[in-house]
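One structure is given below, encoded as structure tokens.
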Amino acid sequence: MVAGREADLTATEYALLRVLSLNAGRVVPYETLLRQVWGGRKYAGANLVRIFVRNLRRKLGDDATRPGWIFNQRGIGYRMPDPRER
């Protein structure tokens, strides 16, 4: 639920959100996301992660220029804020 309404997530988006939220407050490198969400498939790369993060942000009502939920650590990966940061 986001702002009182259900967020319609795909299984992959949910898995990505799950990994990021379980690691809240820590940067999750692209390689870790690829391994844990996509099972380390050969075709999967950092660009695939970026595409799914963009879609997930849109569904969460997050803005990449002023994120509140998913932050980019350029060249490394993504992180969600620790609940104490919000």
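The values are calculated or read from the model by the stated rules, or taken from the named source; none is laboratory data. Everything numeric in this text was worked out from a predicted model, so none of it was measured. Note that each Cβ is placed from the backbone with ideal geometry, even for glycine, and that neighbours are counted across all protein chains shown. Keep in mind that these areas ignore ligands, DNA and RNA; they rest on the heavy atoms of the full protein, side chains included. Shrake-Rupley method; radii C 1.70, N 1.55, O 1.52, S 1.80 Å.
Each label was represented as a point 7 Å from its Cα along the Cα-to-Cβ direction; for R58 and E85 these points are 2.4 nm apart.
Counting only C-alpha contacts under 8 Å and six or more residues apart, can you give the relative contact order of the chain as a whole percent? Across the chain, relative contact order equals 36 percent.
Per-atom-type breakdown for the chain gives carbon and sulfur 49% of the accessible area (1.4 Å probe, protein chains only).
The label point for T12 and the one for I76, both projected 7 Å from the Cα toward the Cβ, are 2.6 nm apart.
A cut-off under 13 angstrom between Cβ atoms defines the neighbours of G45, and their net charge, with Lys, Arg +1 and Asp, Glu -1, is +3. Please work out which option in [x] 18.9, 60; [y] 12.3, 38; [z] 16.0, 60 gives Rg and Dmax of the Cα atoms in Å calculated from these coordinates, and answer with its label. Working out Rg and Dmax of the Cα atoms in Å from the coordinates points to [y].
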